[in-house]
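Enquirer: Below are the structure tokens for one structure; questions will follow.
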Amino acid sequence: MSESETVKRNVAIVRQFIDAWGDVEPDAAMACLSDDIVYINQPLDPVVGQQNVRQIVAGIMELSMAVNWELRNCFGHGNTVTTERLDYWDFDGNGWGLKLPCIGMFDVNEAGLICGWRDYFDNKMWFDNGGPTLHLD
Amino acid sequence: MTANSDEKIARNEATVRAFLKGWDDLDVDACMAQCTDNMCYLNQPLEEIRGKADVRKMIASIFAPAKRCEFDLIHVFGKGNRVVTERLDKWDWDGSNTWQLKLHVCGMFELTEDGKIYEWREYYDNNNWTKDGGPSLMLV
């Protein structure tokens, strides 16, 4: 696979992952992630492995009535893809109560699965506007 | 991808690296030399700072209390007119030769056709910045 083909594949898996958030579909989201996925909401502690990451992802989705991650920029280089986003969240059925500016950096492994996911955003903005826990219980 | 766009991306990445080197050197002139007159600096989720004079004032006021800083570049890559930087920004405020603040941050840069930075959007946890000695990021 040429470098540009690899980047295209990597961007596609990241877009698929983001679409799964829009569908509020934990199985579809988790299918994009490797078994050894490392998920970091900066500057919080890393969450490692499918089981732990599923707990966070499913926990957030369970409390979400609707989600839409608007992609402002999405491009890749080597094994990494950047996503500059405005994440829309409806936690109570009363419309988009939270619009969170965010950059997510994704590392994609040889098999084409996301193995690293680092989101950069303001935690206070997330938690003050209804965002559920990002910690493992 | 054409050679032209590869060259443009390489040029843009070099501009962004020069801008960030200006931070390592606490040299506001070196930073501003990479920016347009109508430059916009946005620390998410704060208010944007627009125009070279105000951006210079903001950057100078961040440098004022800093003894030393070093930006570790984890990833730098571009597409079209944009360059993303994933960084660990390390700050020494008290001159003790330690890093009292280590800030995980992503910065998205937009450049003009002639290779100057006209928009800079920073994504990070603002409490992470302020609790470890970062000065105000709002113009007074």
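All of the numbers you see were taken from the coordinates with simple rules; none came from a lab. Note that the coordinates shown come from a computational prediction; the quantities given were computed from them, not determined experimentally. FYI the Cβ positions are ideal-geometry reconstructions off the backbone, even for glycines, and counts take in every protein chain you see.
Enquirer: In degrees between 0 and 90, to the nearest 10, how far off the longest principal axis of chain A does helix A:3-22 point, with axes built from Cα atoms?
Expert: 20 degrees
Enquirer: In bins 10 Å wide, starting from 0, what share of all Cα pairs of segment B:3-131 does each bin hold, as a percent?
Expert: 13, 45, 34, 7, 1
Enquirer: Let me confirm the definition first: pairs of Lys residues in segment B:3-131, 8 or more apart or on different chains, C-alpha distance under 22 Å. How many are there?
Expert: For segment B:3-131, the number of qualifying lysine pairs is 21.
Enquirer: Percent relative contact order of chain A, based on C-alpha pairs within less than 8 angstrom and at least six residues apart?
Expert: Computed value for chain A: 26 percent relative contact order.
Enquirer: Go from 0 up to the bin containing the longest alpha carbon distance in the protein assembly as shown, width 10 Å each, and give me the % of pairs per bin.
Expert: 7, 28, 34, 23, 8, 0
Enquirer: Another question, then. Enumerate by residue number the trypsin sites (Lys or Arg not before Pro) in segment A:34-86 meeting two conditions: DSSP loop (anything except H, G, I, E, B), and at most 12 other Cβ atoms within 10 Å of the site's Cβ.
Expert: Sparse-neighbourhood loop trypsin sites (Lys or Arg not before Pro): none present.
Enquirer: Rule-of-thumb check for segment B:19-61: C-alpha Rg over 2.2 N^0.38 Å?
Expert: 1.09
Enquirer: Continuing with this model, one more query. May I ask you to evaluate 6.51 cos²θ - 1.76 cosθ + 1.60, the Karplus curve with θ = phi - 60°, for each residue of segment A:75-84 and list the ³J(HN,Hα) values in order in whole Hz, giving x for glycine and proline?
Expert: My calculation for segment A:75-84 gives 7, x, 7, x, 9, 10, 10, 9, 10, 9 Hz in order.
Enquirer: Once the Cα atoms of helix A:50-62 and of chain A are each reduced to a long axis, what angle between those two axes, in degrees from 0 to 90 to the nearest 10, is obtained?
Expert: 40 degrees
Enquirer: Kirkwood hydrodynamic radius, computed over distinct alpha-carbon pairs, for segment A:1-123: how many Å, to one decimal?
Expert: That comes to 14.6 Å for segment A:1-123.
Enquirer: If you fit an axis through the alpha-carbon atoms of helix B:52-63 and take the longest principal axis of the Cα set of chain B, what angle between them do you get, 0 to 90°, nearest 10?
Expert: Taking the Cα atoms of chain B, the angle to B:52-63 is about 40 degrees.
Enquirer: Antiparallel as a % of all DSSP beta bridges within segment B:3-131, to the nearest 5?
Expert: Restricted to segment B:3-131, the bridges split so that about 85 percent are antiparallel.
Enquirer: Can you tell me the FRET efficiency between A:ASN129 and B:ASP29 if r is taken as the Cβ-Cβ distance and R0 is 35 Å, rounded to the nearest 0.05? Walk me through the numbers before you get to the answer.
Expert: Values: r = 39 Å, r/R0 = 1.13.
E between A:ASN129 and B:ASP29, to the nearest 0.05, is 0.35.
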